[in-house]
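**Student:** Would you mind keeping the following structure in view while I ask a few things?
Bear in mind these aren't lab numbers, they're just calculated from the coordinates by the rules spelled out. These numbers were taken from a predicted model, which means no experiment stands behind them. Cβ atoms come from the backbone with ideal geometry, glycine included; neighbour counts cover every protein chain shown.
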Amino acid sequence: FERNKVSASNLRELQLEDSSLTDSAFSMSNLLEFTATGSTLRRWELAASSAHELTVKGQCLVDGFELRASSMKEALLDGATIEGLAIKESSLRELTMRGGAWRRSFVQWASLREVRFAAATLEDVRILSCQLRDFRVEDSTLRTVLLQALPMNGCSWRHCAFDDVHFTAGD
């Protein structure tokens, strides 16, 4: 699936297995029950859209994904590598990342609720001017992470290793 634009559509039960999704955009669309296993997703975006029940598992690589003015709910990243993620002016709820790595990413002016990281690596991640609620990180490594939140409620970090991590909160 390369160099495609999907607009004003409803996509349901989209499954990628050992596949590639590259240079593609989804705008003003609904993406429901999306599953990627052992696949590569490069340079794609979701703009002014809604995504629900996304699962990325196995040795998947997500490189260069942008979520802009959109909402995402019930996402599972299981053993995946996420690089170059940009989330702007969006809502992310019920995200779970087990294992894997989240690198070179930027989140700004977003609402992050019920987010869980377990046995994951977060590296070179900036989360700026965001609302964080029920944000939990366990058994994970954080390197070069900047977290600026307004407000920050119900957040916890347990059994984590920190290297060059900065927290700021306005309230």
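**Student:** Calculated FRET efficiency, E17 and R104, Cβ-Cβ r, R0 25 Å, to nearest 0.05? List each step's numbers first, then the result.
**Tutor:** Working: r = 26 Å, r/R0 = 1.05.
The pair E17/R104 has a calculated efficiency of 0.45.
**Student:** What does the extension gain come out to for R158 and D124, with contour length at 0.36 nm per residue minus their alpha carbon separation?
**Tutor:** 10.3 nm
**Student:** Give the relative contact order (percent, whole number) for the range 88-129; include only Cα pairs under 8 Å separated by 6+ residues.
**Tutor:** 48 percent
**Student:** Starting from the Kirkwood Rh over alpha-carbon pairs, what translational D in µm² s⁻¹ does the range 14-97 have by Stokes-Einstein at 4 °C and 1.567 mPa s?
**Tutor:** Values: Rh = 12.4 Å.
For these conditions, the coefficient is 104 µm²/s.
**Student:** Further, regarding this structure: What distance in nm separates the simple spin-label points at T144 and M28, each placed 7 Å from Cα in the Cβ direction?
**Tutor:** That separation, rounded to one decimal, is 3.9 nm.
**Student:** Right, something else. Across all directions of projection, what mean area in square nanometres is found for the Cα convex hull of the chain?
**Tutor:** Average projection, Cα convex hull of the chain: 8.2 nm².
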